[in-house]
4 protein chains.
Amino acid sequence: MKIAFIGLGNMGAPMARNLIKAGHALNLFDLNQTVLNELAALGGTISASPRDAAQGAELVLTMLPAAAHVRSVWLNEDGVLAGIGKGVPAVDCSTIDPQTARDVAAAAAKHGVAMADAPVSGGTGGAQAGTLTFMVGANPELFATLQPVLAQMGRNIVHCGDVGTGQIAKICNNLLLGISMVGVSEAMALGDALGIDTQVLAGIINSSTGRCWSSDTYNPWPGVIETAPASRGYTGGFGADLMLKDLGLATEAARQAHQPVILGAVAQQLYQSMSQRGDGGKDFSAIINSYRKPL
Amino acid sequence: MKIAFIGLGNMGAPMARNLIKAGHALNLFDLNQTVLNELAALGGTISASPRDAAQGAELVLTMLPAAAHVRSVWLNEDGVLAGIGKGVPAVDCSTIDPQTARDVAAAAAKHGVAMADAPVSGGTGGAQAGTLTFMVGANPELFATLQPVLAQMGRNIVHCGDVGTGQIAKICNNLLLGISMVGVSEAMALGDALGIDTQVLAGIINSSTGRCWSSDTYNPWPGVIETAPASRGYTGGFGADLMLKDLGLATEAARQAHQPVILGAVAQQLYQSMSQRGDGGKDFSAIINSYRKPL
Amino acid sequence: MKIAFIGLGNMGAPMARNLIKAGHALNLFDLNQTVLNELAALGGTISASPRDAAQGAELVLTMLPAAAHVRSVWLNEDGVLAGIGKGVPAVDCSTIDPQTARDVAAAAAKHGVAMADAPVSGGTGGAQAGTLTFMVGANPELFATLQPVLAQMGRNIVHCGDVGTGQIAKICNNLLLGISMVGVSEAMALGDALGIDTQVLAGIINSSTGRCWSSDTYNPWPGVIETAPASRGYTGGFGADLMLKDLGLATEAARQAHQPVILGAVAQQLYQSMSQRGDGGKDFSAIINSYRKPL
Amino acid sequence: MKIAFIGLGNMGAPMARNLIKAGHALNLFDLNQTVLNELAALGGTISASPRDAAQGAELVLTMLPAAAHVRSVWLNEDGVLAGIGKGVPAVDCSTIDPQTARDVAAAAAKHGVAMADAPVSGGTGGAQAGTLTFMVGANPELFATLQPVLAQMGRNIVHCGDVGTGQIAKICNNLLLGISMVGVSEAMALGDALGIDTQVLAGIINSSTGRCWSSDTYNPWPGVIETAPASRGYTGGFGADLMLKDLGLATEAARQAHQPVILGAVAQQLYQSMSQRGDGGKDFSAIINSYRKPL
């Protein structure tokens, strides 16, 4: 299948590599010449613009840092919509606000193109291993078309509803994740301050009503979960600045929907403080250090 | 075994009933004459005071509403310590602050009595069914002594460490539970406001990093979990005023330990607002109504 | 002086009226034909577009609801910058984010136009009476040029620094105002719940370290300040939805500047909850009702 | 007048000194022998216990660190109530919770003693200079009796209502003060991050609706107010740990009164974090450093 793949950053490049491995012919576009050359060496074709990449493609996929990039890559004069063929399936895998996802899809519809949003979770590790989760907002036909291709880059391909609902699912989940991680941090730090063994406390929580992924799989207390970033100096997981971005998307979407999100807003500010102190590059579970006496 | 059982409220009465059923001889004390008569009819003996109940008992167990009652029942002139024999095992199952638990245990130690704290979770349903969880703070010998008796009233008997750690485990878990429930409420209400199907959203969260007991077992959105209080008008679960009490214990213990708990403090205030509006008697998952447009 | 005045809403129309009264010739533009006719009857000239209004004007002034309108009125094909003469002083009095103010000013500079931002406070009452406060971001020469004209619509014309600082001053002040009003509401409601006379409490606060405009001039407790909206059913002041807008601008500007604003974010959410309950049209001091038992 | 003065710490000692200077005969009690000797050298009489101090006194005044001390000094076997004469006016100047103030006053009433609470503001500087503010909860006759004596130690003697209302006034004011100071810190730090001159911003706030004591008299930004602690390294003012204590009293009183105080609870936690980081001894306006990038 001839696929236009635009956006070859830390996530996009390994995803594109998996599609090449699966036998697809890729039209590649990015501003970074080095990564373009690397992927061309594996068999991809370098395009001069998003429009050029889209021309003749049987599917267009983009993976970009933020909403502004999505708008320009799709809507500009030399953007995807200027080159894509009528009826060609299109999907944006960036994590952006639901409104932009819907706006760009509406513009695509005017060109006769059905477009999906399909943000991912799983990080760069999942992108490399091809084990990402895709949260897909698309009409049923488009979902059926995209599903086998996405499955070559991920393990869970979840249909969330119409276009935009992929983004909604992701920001709602990550809103809760950010709150949960702060909550686990408060509970663990309080338990430690009051004098219970943290390993024992985690065990009780994990078999009780406080049970959650942030405690039983990704516990922020060092040593509780051997495979968690907390047990390796808060490195190599989901960076605090990425969580901060997602909480920003959630509170901004809430503002537009006239919907209060009180704990979410506080969690966002706590991650902002962590980032301001210079710790935005650490794993997001390092928020627990905001609750512990400095050494 | 001759057991003094003091405090026969909504939790204590069914617990005492289970001990009588198991064949123990109970010395009963409470201020409520009706419940005393009911239990006496099952074979228990009514005592004139906590001291009288404790005299001659081989084990003393109390189940009281708050720290002030625990202090007076154990420490007053006609309290348990005035009657209990040296070396008799003692346990308080009330949910109170860890400091009071330790203070009363220290007073008991002066009488030659080893005392445990063993707060429960599982509610009145678990008390009746004998399926409570006991979080036990006790020295290892005392835990070994108490374990078989507690197992006649509960299913999980967890050793948390020395006296006081039972309370610590409970308030840390419930601190996290209160935060999680608010977090799930914000995520579900936001998803709904943005236009995703709430059943689909819950499914995604429950298989992703937002997964938690408050979402996958006790989801606050009506109809998502058929067995949850949300699906029966927020009745018959864990009342918001009980959550409010536990969050009060957590933030007060945090204050004494000089430990910040930011989301916990906000969650406490949100439950306080809910209670002030007259909804403290509803299940605590009804906090989601603070995030939904009034009908 | 020939002045282009664009944006004739609740604020803009009375401001324009004051300029006409002061003897200026106005080129008027708005989408609302009724208000255009009214002002034309007083002597203004109706223009076909922002560009037409700007052509030949010696000063251009805009007063618009939000950043999107400012961008389109200034930057569109038939916008102000397409018609304005080189060297003509320009000022936008809308309340918007500082970044948009700077972006539009940068675009104006490319046309050889120095532009100021000058958001106001004082409400529709101040607009009618000509007693507004203007917070002006402009270079010193431009400020000197604008000052006498703005003084025909307002009483305090404050120079805040370069373009953008007018918006910064306004959102920082209103961030603090929103927090203070919630703080006064909590203090007054707590005092009442604990049993002190609210009039006495306000008197003590107002002569002590809690003293603030939200307490001594605009107290949210009914009857404490006879002239405050609280004493007339929370009508006729600064609407809660306007405070919500300004808190949204403040937290969004903070997000872009990587700056935490914790209480500000919570205050925003509390106003969002108030608005969701249907009370966004009341004066913002009615936030105190979120802290009082419903009648 | 023969006055029993109990509690001679940083506040009590200079207050007692002012009463001696004013010509009163003082019965002194404290656990600190050094300060007792100092004040005896000025003419006071050292007592063996609170009871002894109270015996024969025409007025009893206490100034103690916390509620537990107030209870024991007044209610113990060798406490004030064991020695005080019937009808002797009594006043406690400690800052404690309103409920303890009312409880001790009720115990005093059983001895035929009318008791007032009269917490102060003004710090050790005000205690030395005799310029304290006394917030007095007392019946009108007792207030009339106490007023001239308190006026020898302070400048503002405010009648707040019945016993307990002095404490209520103080904690409500300081609740608002704590919130305001955080609010000013957020506004100043945001303004700085966005690029406005902080001196200009403070000037605008102080003549606008954000105006408050925390900004116009005690601004947390260094250099804005020359006489404020911020301009001398956050030394010599009202310590953050004292603010933390008062916010703890406020949120605990709110809990007992079933009254939410959302921003107050967050402010308390922010001061707790500051204290945990080791900055509890700095002036409370140093909370602004929680909002500024570390150097």
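Things to note:
- In nm, spacing of pseudo-spin labels at A:ALA22 and B:ASP197 (7 Å Cα→C-beta vector): 2.5 nm
- Phi-based couplings in Hz for the range C:138-150 (Karplus 6.51, -1.76, 1.60; Gly and Pro marked x): 6, 6, x, 5, 4, 4, 4, 5, 6, 3, x, 6, 4
- About its Cα centre, the range A:2-163 has a charge dipole of approximately 260 debye under the convention of +1 per Lys or Arg Cβ and -1 per Asp or Glu Cβ, with nothing else charged.
- Taking every C-alpha pair closer than 8 Å and separated by at least 6 residues, the mean separation divided by the residue count of chain C gives a relative contact order of 12 percent.
- Total accessible surface hidden between B and A, rounded to 100 Å², 1.4 Å probe: 4600 Å²
- Exercise: per-residue mean of other protein chain Cβ atoms within 10 Å, C:272-278: 5
- Accessible area expressed per residue, the range C:2-162, with surrounding protein chains retained (probe 1.4 Å, Å²): 39 Å²
- Mean Cα-pair separation over length for the range D:2-162, i.e. relative contact order, pairs under 8 Å, 6 or more apart, %: 19 percent
- Each Cα pair under 8 Å and six or more residues apart adds its sequence gap; the mean of these over the residue count of the range B:168-291 is a relative contact order of 32 percent.
- For A:LYS282, the residues whose amide H sits under 5 Å from its own are A:ALA240, ignoring neighbours fewer than 5 places away on the same chain, with H placed 1.01 Å from N.
- Accessible carbon and sulfur surface of the range C:2-162 relative to its total accessible area, %, 1.4 Å: 51 percent
- Phi angles across the range B:22-39 convert, under the Karplus curve 6.51 cos²θ - 1.76 cosθ + 1.60 with θ = phi - 60°, into 3J(HN,Hα) values of 6, x, 7, 9, 10, 8, 10, 9, 6, 8, 8, 5, 4, 5, 4, 4, 4, 6 Hz, Gly and Pro given as x.
- Helix-only [θ]222 nm of chain B, DSSP H runs n ≥ 4, -39500 (n - 2.57) each, per residue, nearest 500: -14000 deg cm²/dmol
- Nearest 10 degrees, 0 to 90: helix D:98-110 Cα axis against chain D principal axis: 10 degrees
- Protein accessible area in the range A:168-291, 1.4 Å probe - carbon and sulfur %: 51 percent
- In the range A:77-214, the convex hull through the Cα atoms has an average projected area of 10.7 nm², a quarter of its surface area.
- Compactness check for the range D:2-162: Cα Rg over 2.2 N^0.38 Å is 0.91.
- Separation between Cα centres of the range A:162-211 and the range C:1-38, rounded to whole Å: 56 Å
- The candidates B:HIS24, D:HIS111, arranged from most to least accessible area with a 1.4 Å probe in the full protein assembly, appear as D:HIS111, B:HIS24.
- Treating each Cα of the range D:168-291 as an identical point scatterer and summing with the Debye formula, the log10 of I(q)/I(0) at q = 0.09, 0.15 Å⁻¹ comes to -0.24, -0.65.
- The listed residues B:ASP52, A:ASP92 rank as B:ASP52, A:ASP92 when sorted by accessible area, largest first, using a 1.4 Å probe.
- When the C-alpha to C-alpha distance is required to be over 28 Å, the pairs from A:LYS282/D:LYS293; B:LYS170/C:LYS293; A:LYS245/C:LYS170; C:LYS245/D:LYS282 that qualify are B:LYS170/C:LYS293; C:LYS245/D:LYS282.
- Accessible area expressed per residue, the range B:168-291, with surrounding protein chains retained (probe 1.4 Å, Å²): 26 Å²
- Hz values of 3J(HN,Hα) by residue in the range A:69-74 - Karplus curve (6.51, -1.76, 1.60), Gly and Pro given as x: 5, 4, 4, 6, 5, 8
- Computed about its Cα centre, the charge dipole of the protein assembly as shown is approximately 0 debye, with only Lys, Arg, Asp and Glu carrying charge at their Cβ.
- Seen against the Cα atoms of chain B and their longest principal axis, helix B:12-21 is set at about 60 degrees.
- Over all projection directions, the Cα-based convex hull of the protein assembly as shown averages an area of 49.8 nm².
- Interface burial in the range C:133-159 reaches 30 Å² or more for no residue, comparing the full protein assembly with the chain by itself; accessible area from heavy atoms with a 1.4 Å probe.
- With respect to chain B, whose longest principal axis is taken over its alpha-carbon atoms, helix B:165-194 is tilted by about 20°.
- The range A:177-243: proportion of alpha-carbon pairs further apart than 20 angstrom, %: 21 percent
- Ligands, DNA and RNA excluded, the heavy atoms of D:ARG71 present near 90 Å² of accessible surface to a 1.4 Å solvent probe.
- Cα-derived Rg over Rh, computed across chain A with Rh taken as Kirkwood radius: 1.02
- With a 10 Å cut-off around each Cβ of A:62-73, the average count of Cβ atoms from other chains is 0.
- Environment charge at A:MET63 (Cβ cut-off 11 Å; Lys +1, Arg +1, Asp -1, Glu -1): -2
- For the segment B:244-256, counting C-beta atoms of other chains within 10 Å of every residue's C-beta and taking the mean gives 4.
- Förster-model FRET efficiency, 35 Å R0, D:ARG277 and D:LEU75, C-beta, rounded to 0.05: 0.40
- Cysteines having no other Cys beta carbon under 4.7 Å from their own, within the protein assembly as shown: A:CYS93, A:CYS160, A:CYS172, B:CYS93, B:CYS160, B:CYS172, C:CYS93, C:CYS160, C:CYS172, D:CYS93, D:CYS160, D:CYS172
- Taking the Cα centre of chain B as reference, the dipole from Cβ charges on Lys and Arg (+1) and Asp and Glu (-1) amounts to some 80 debye.
- Each of D:CYS93, D:ALA106, D:LEU64 was placed along the dipole of the range D:52-128 (beta-carbon charges, centred on the mean Cα), and the one lying farthest toward the positive end is D:ALA106.
- Three-way shape call for the range B:1-59 based on the alpha-carbon gyration tensor, with the a/c threshold at 1.5: oblate
The values are calculated or read from the model by the stated rules, or taken from the named source; none is laboratory data. Everything quoted here is computed from the prediction, not taken from an experiment. Backbone-built Cβ (ideal geometry, glycine too); neighbour counts: all protein chains shown. Side chains included, ligands, DNA and RNA excluded: accessible areas come from the protein's heavy atoms. Shrake-Rupley method; radii C 1.70, N 1.55, O 1.52, S 1.80 Å.
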